[in-house]
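Peer 1: If you scroll down you'll find the structure; I have some questions about it.
Any read-out appearing in this document is the output of simple, stated calculations on the displayed coordinates, not a laboratory observation. Note that this is a predicted model, so its numbers are computed, not measured. Every residue, glycine among them, receives a Cβ derived from its backbone with ideal geometry; neighbour counts consider all protein chains shown.
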Amino acid sequence: MGCDYYIQSKLVIEYLDEADLLCVIYTDLRVKGAYVLKCADYNYNDDMATFTQKFRAELNKEIEKNNYETILFENDLWLKDIYKQTYESRIKREFKQILKLKKIYKKFTAWENN
């Protein structure tokens, strides 16, 4: 059985290279299926058209709710110590071309399963 919608997450690293050009790395890409767990005001007496309308409204709310960014690093500052502990040494180890970090964030994107 398929899912109702998908949620994609990725880590985005913006940095300056040796030529002082802004570059972007996308890593840690994950896609997972998700379901509308409740249908607002569902009633067993609803006809299929009414149920479908309520379901689509709830699906659109879930998709909208799951399109966002979480800033981890910006303006030379880690927003939380746990972000620094999690990512700083890994970035230095895996991405040696990075000379100056500009911004790091997790980007979440959701879309309907057609």
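Peer 1: Starting from the Cα of residue 76, step 7 Å along the direction of its Cβ; do the same at residue 25; then give the gap between the two resulting points in nm.
Peer 2: 2.1 nm
Peer 1: Tell me, what ³J(HN,Hα) does each residue in region 49-60 have, in order and in whole Hz, if you take phi through Karplus 6.51 cos²θ - 1.76 cosθ + 1.60 with θ = phi - 60° and put x for Gly and Pro?
Peer 2: Per-residue couplings from phi come out as 5, 5, 4, 4, 4, 5, 4, 5, 5, 5, 4, 4 Hz.
Peer 1: Just add up the charged neighbours of residue 63: K/R +1, D/E -1, any other residue whose Cβ is under 12 Å from the Cβ of residue 63.
Peer 2: Result for the neighbourhood of residue 63: -2.
Peer 1: Then there's this: Can you return the aspartates and glutamates within cross-link range of residue 84? Criterion is Cα-Cα under 12 Å, with same-chain partners fewer than 8 residues away left out.
Peer 2: 74, 76
Peer 1: Let me ask you something else. On full extension of the chain, what length is gained from residue 57 through residue 109, given 0.36 nm per residue of separation minus the C-alpha to C-alpha distance?
Peer 2: Answer, rounded to one decimal: 16.9 nm.
Peer 1: Same structure, new question: Going by how many other beta carbons lie within 10 Å of each one, how would you line up 111, 78, fewest first?
Peer 2: 111, 78
Peer 1: Using the alpha-carbon atoms, what tilt in degrees (0 to 90, nearest 10) does helix 81-94 show relative to the longest principal axis of the chain?
Peer 2: 60 degrees
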